[in-house]
Amino acid sequence: MTKIQGPIRVRFAPSPTGFLHVGGARTAIYNDLLRQNVGGAFILRIEDTDKERSDEAMTRQIQSALAWIGVVWDEGPFLQSERLPRHHERAEELLAAGKAYRCFCAPEELDAQRTAAQKRGEAFRYPRTCLKLSQQEIDERLVAGKPFAVRFKMPDEHITFTDIVRGDMDFPPDALDDFILLRSDGNPTYHMSVCVDDIDMGITHVIRGEDHLSNTPKHIPLFRALGGQVPTFGHLPLILGQDKKRLSKRYGATSVEEFRNEGILPQALYNFLALLGWNPGGDREILSRDEMIRLFDVDRLNASPAVFDREKLLWMNSQYLSMLDAVALRPHLEPFLEEVGLGDADPARLDAAVSLHRTRARTLRELAGLLIPYFRETAYDPEASAKFLKDPDLPGHLEALRDRYAGLPDFTKEALEAALRAQADERGIKAGVLIHPTRMALSGTASGPPLFDLVETMGREATVRHFDRFIAFLRQPQPVAAGE
RNA sequence: GUCCCCAUCGUCUAGUGGACUAGGACACUGCCCUUUCAAGGCAGGAACACGGGUUCGAAUCCCGUUGGGGAUACCA
């Protein structure tokens, strides 16, 4: 297919009726990749003309979600609501030029006709009742103060265009009807607003969701009637849920904000969403934004819908967690540290602990949870600690090990390991007999990073304290289970 | 209902008429590594929706069926 030549002007035009959905985010990402790949400008436009459903807070929310995920826009945000007079003005021009006409038909009447047509198995098209009105009839209604909408006079011809992702499209004239440009309250409809804005903003490429595919044959003649350059279109397939139906709340998080709160890294979400419907060629899947920009090619955009796979997102996030070092992770981790009460923990120790645990967590929230034992006493996992209670020699072993560690000249993992193994030898036991309870004493769990890394990072003082506490735990009278 | 779009492992995908015994990734299973848990390495099971064509040859092109999705608004 044809290579897209820059500079181009693309736009992302969400309506602020909710948090930024992953589908919207993906659309923004493809616009971002295209814009960065070929050069030009990315325009952010907020389609807030539906005042009842729009919310200023959501507008800010969408911007912050886009910024967080790493989408860069060059112009805007422009609020569509502020351009209403302009939309109105252009509609008046179409009316004056005879490219649009007033429709006095009552909505209820049209609804009835629509239902009847559907019953007969036919597609309903506005029968152009009001197009046939004489000037005199129009004037009479105007004088009588009859409300009217303004309809676009659709040309009676096939509308064809080449969609970037779907190829050649052809819509026959009987599939289209004279849609409304201006409502009877004078407000422009979505179709009117988008086309006027796209023209005024010099948009050359419109990459949007598939739900707009059937709007495109309406928009193309409108662009022409308005004397504007018809942009190139590309319609992205939808993102589906596990049941292959449109992604919905039932499957958990669907907005960028929710993934952020769960502890997904922005790089991971960007990467994951970009690959949901686009393939850069080759087998690599972990790619930075810069690499994706370099490789981006609309020809490799998929036309079939994709199911959103949470598991794979989590996997990708864990890959990013492992790739980034503790310092790079710091700003992302901060809110989650606050959440678990580690907001003012010692940074050096925090970084050391993060390096030990990053490959063991799938989300930032999980990672923060794994860090707690380094700073606070935590409960011993009841199931995993139960078996240590059965060994009467264990408290003695651990006391000796504690004393050895307390007096160790250098508290390094090599020295710690040598000391532990030496003690095991002296006592004629296997190293594992000491290793496992020591891990439990320090972290409260049976799993985690290599033990001596854990001990070193914990530090001498805290280690000794943990030993004391665990020895006391082992020695306390054990409750006897009822019935035994 | 009508119009439009889509169809490769459970999922994301590679594949653009012969190199396909259909490749990779997630998930799953087994093995290795190992003080545990991860990570990593190796191996395994797992797909061309169905039916007709076209062609010497079809996952790939055409038609139909089925399934899924979208649009059918004075919502965006």
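No lab work stands behind these numbers, since they all come straight from the coordinates. Values in this document were obtained by computation on a predicted structure and should not be read as measured data. Cβ atoms come from the backbone with ideal geometry, glycine included; neighbour counts cover every protein chain shown.
Per DSSP H run of at least 4 residues, take -39500 (n - 2.57); add these up for chain A, divide by its residues and hand me the 222 nm value, nearest 500 deg cm²/dmol.
That comes out to -14500 deg cm²/dmol.
Could you compute the FRET efficiency for A:S64 and A:Q229, with r as their C-beta to C-beta distance and R0 at 45 Å, rounded to 0.05? The pair A:S64/A:Q229 has a calculated efficiency of 0.85.
Can you tell me the dipole magnitude for the range A:137-227 around its Cα centre, using point charges on the Cβ only (Lys, Arg +1; Asp, Glu -1), in Debye to the nearest 20? Please report the intermediate quantities before stating the final value.
On the way: 9 positive and 17 negative charges, 48 e Å.
The dipole of the range A:137-227 has a size of about 240 debye.
Spin-label model, A:A116/A:T378: points 7 Å from Cα along the beta carbon direction are separated by 7.2 nm. Subtracting the Cα-Cα distance of A:T162 and A:D410 from 0.36 nm times their residue separation leaves 82.1 nm of extension gain. For A:F78, nonlocal amide neighbours, meaning residues 5 or more places apart or on other chains whose placed amide H falls under 5 Å from its own, are A:L44, A:R45, A:I46. With no solvent and one point on each alpha carbon, what is the Debye value of log10 I(q)/I(0) for the range A:314-376 at q = 0.15, 0.19, 0.20, 0.26 Å⁻¹? Normalising to I(0) and taking log10 leaves -0.36, -0.58, -0.65, -1.13. In plain terms, the chain from A:V143 to A:D283 could stretch by 43.5 nm, reckoned as 0.36 nm per residue minus the Cα-Cα distance. Under 5 Å between amide hydrogens, built in the peptide plane, is the criterion, and for A:I203 it picks out nothing among residues at least 5 positions away or on other chains. Counting only DSSP beta bridges with both residues in chain A, the antiparallel share comes to about 50 percent. Does the range A:340-484 classify as rounded, prolate or oblate by the C-alpha gyration tensor (a ≥ b ≥ c root eigenvalues; a/c under 1.5 gives rounded; else a/b over b/c gives prolate, otherwise oblate)? Judged from the Cα gyration tensor, the range A:340-484 comes out oblate (a/c at least 1.5, b/c at or above a/b). Since only A:I286, A:T216, A:Q319 are under comparison, the one whose Cα sits farthest along the positive direction of the charge dipole of chain A, derived from C-beta charges on Lys, Arg, Asp and Glu, is A:T216. The stretch between A:S248 and A:D170, if pulled fully straight at 0.36 nm per residue, gains 24.9 nm over its current Cα-Cα span. Distance between the 7 Å Cα→Cβ label points at A:D290 and A:E109: 6.5 nm. Taking 31 Å as the limit for the C-alpha separation, the pairs A:K312/A:K387; A:K119/A:K249; A:K249/A:K387; A:K153/A:K244; A:K3/A:K249; A:K132/A:K218 exceed it in the case of A:K312/A:K387; A:K119/A:K249; A:K249/A:K387; A:K153/A:K244; A:K3/A:K249. Name the shape class, rounded, prolate or oblate, that the alpha-carbon gyration tensor gives for chain A, where a ≥ b ≥ c are the square roots of its eigenvalues, rounded holds for a/c under 1.5, and otherwise prolate holds if a/b is larger than b/c and oblate otherwise. Since a/c reaches 1.5 and a/b is larger than b/c, the shape of chain A is classed as prolate.
Phi angles of the range A:333-343 translate, via the Karplus equation with coefficients 6.51, -1.76, 1.60 and θ = phi - 60°, into HN-Hα couplings of 7, 3, x, 7, 5, 4, 4, 9, x, 10, x Hz per residue; Gly and Pro are given as x. Charging the Cβ of each Asp and Glu at -1 and of each Lys and Arg at +1, and nothing else, the dipole of chain A about its Cα centre rounds to 660 debye.
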